[in-house]
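The values are calculated or read from the model by the stated rules, or taken from the named source; none is laboratory data. As the structure is a prediction and not an experimental result, all values here were calculated from the model. Please note: Cβ atoms are built from the backbone with ideal geometry, for glycine as well, and neighbour counts cover all protein chains shown.
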Amino acid sequence: MRSCELVSRCIFIGLFMVLLAAGLSYAQTEAQNPVGMITDGYDEDCHVKRGPNAPDSRGETIKCGWMMDLYEGDIVTKTPNVNKLTIKWKLPPYTNGVPDKNMTTMRVVFNKPEKGSILPKIADIKKYFGLLEPVHIRIPGGARGGDSNEEPEKIFIPTPGCNITVLGNYPITFTCEKVSKTLVITDDGGVKILQKNIAGKSTISIKPGDMRLKPGKTTTWKIEDKTGKSFKTCKIRQLNENIANQVTNDLKEIDKKNLSESETKTQKAMYLQTFSDIFGDEVDLYWLSYELVKNLNVNKNNIALIIQDRYLDHIINEK
């Protein structure tokens, strides 16, 4: 099996159905990306005044609609009571609506926590992951588009991802296409650091130390075919020391809970994805979340399946 050709998999739809259809990544809760979605109660006397974080916002007021995306700073009006609306929040511990005293309007807010403070919210985060519903579809990696009963066109999706950050000396697994021949890693000045012959291999694992990564410095990687052409040049960054220490310490705290191996890996993966969602401008540890859960029995651990598919969608839609 070619590891870069991902077969039919489950990917959740629930809260992020519209984001997926629009080709947006739901792995980043930052400006220009939705933090919530209207799903019910919008039929009458409901309007949204767009805030500065909505794409191409001019401060316009528009009528509410089904599955309408909400952005930080939007003002939602619903008479007689804004609580008549049903809104699915992207990260419920941190995204919500704050109503006024008349209960007819509310402001969409994203309470970005201080780094590391998400660990006490792990129960809420698990509840949020548990709300996501998987549905069998074909996705790139892979495959994209076309009728689900047809064999879609195969394209190469580079993994572990094109903007990842690394933690400590956790090994990074690169996946290789059938025609792949060479993995090339260069520093931020274009000097070649590492070159590996990967002909005939489906994966190769490399430790960050072998790539001579330095905190805050960007390294690039690409996989070339025999002609020297590559699908894409991707970036790797070493986390700065403060963030790396915070994440490492939080993962150790999860270890101290004496959970089962499956639950320990699942909680760590949820933590890593959520931390990456919130601090996406500095952190992308989705690849490590996948490494933790990729061998778990998804028939007994539905959240592990959700984590795997969030990772796959993350690398498909990353910018």
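The table below lists the values:
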{"read-out": "Single residue of segment 246-261 satisfying the filter (among the polar types (S, T, N, Q) and over 19 Å from Ile172 (Cα atoms)) that is surrounded by the fewest Cβ atoms within 10 Å (Cβ to Cβ)", "value": "Asn258"}
{"read-out": "Selection count where residues are in contact (Cβ under 8 Å) with a residue 40 or more places away in the chain and not aromatic (Phe, Trp, Tyr), scope segment 207-221", "value": "3"}
{"read-out": "Segment 92-111 residues that are assigned by TED's automatic domain parsing to the domain that holds Lys49, paired with ones that are part of a loop (DSSP other than H, G, I, E, B) and surrounded by fewer than 20 Cβ atoms within 10 Å (Cβ to Cβ) (beta carbon under 6 Å, 6 or more apart)", "value": "Tyr94/Asn111; Met103/Asn81; Thr104/Thr79"}
{"read-out": "Those residues of segment 222-247 which are under 12 Å from Asp187 (Cα atoms) and out of contact with any Lys or Arg (no Cβ under 8 Å at 6 or more places or on another chain), in sequence order", "value": "Lys235, Ile236"}
{"read-out": "Considering residues of segment 72-83 that are of a type outside the set (S, T, N, Q) and without any contact (Cβ under 8 Å) to a residue 40 or more places away in the chain only, the residue surrounded by the fewest Cβ atoms within 10 Å (Cβ to Cβ)", "value": "Pro80"}
{"read-out": "Criterion: of a type in the set (Val, Ile, Thr), in contact with a strand residue (DSSP E or B) (Cβ under 6 Å, 6 or more places away or on another chain), at pLDDT 60 or above and in a loop (DSSP other than H, G, I, E, B) - qualifying residue of Thr165, Thr159", "value": "Thr159"}
{"read-out": "Test: residue in segment 198-217 that is touching a strand residue (DSSP E or B) at 6+ places or on another chain (Cβ under 9 Å), assigned to a strand (DSSP E or B) and more than 29 Å from Lys252 (Cβ to Cβ)", "value": "no"}
{"read-out": "Residue in segment 238-257 that is under 22 Å from Ile206 (Cβ atoms), in contact (Cβ under 8 Å) with a residue 40 or more places away in the chain and assigned to a strand (DSSP E or B) present", "value": "yes"}
{"read-out": "Selection from segment 277-319 of residues that are under 19 Å from Phe110 (Cβ atoms) and at pLDDT 90 or above", "value": "Val283, Asp284"}
{"read-out": "Top-ranked residue in segment 201-226 [being exposed (fewer than 15 other Cβ atoms within 10 Å of the Cβ) and of a type in the set (Gly, Ala, Ser); ranked as farthest from the chain's Cα centre (by Cα)]", "value": "Gly209"}
{"read-out": "Criterion: within 20 Å of Thr165 (Cβ to Cβ) and out of contact with any helix residue (DSSP H, G or I) (no Cβ under 9 Å at 6 or more places or on another chain) - qualifying residue of Ala269, Ala244", "value": "Ala244"}
{"read-out": "Residue check for Thr86: within 29 Å of the chain's Cα centre (by Cα) and either under 15 Å from Met106 (Cα atoms) or surrounded by 14 or more Cβ atoms within 10 Å (Cβ to Cβ) (or both)", "value": "yes"}
{"read-out": "Strands (runs of 3 or more DSSP E) lying entirely in segment 1-92 (those with 3 or more residues that are at pLDDT 50 or above)", "value": "36-40, 46-49, 61-63, 68-70, 75-78, 86-89"}
{"read-out": "Meets criteria (loosely packed, with under 13 Cβ neighbours inside 10 Å and closer than 20 Å to Arg310 by Cβ) for Asp281", "value": "yes"}
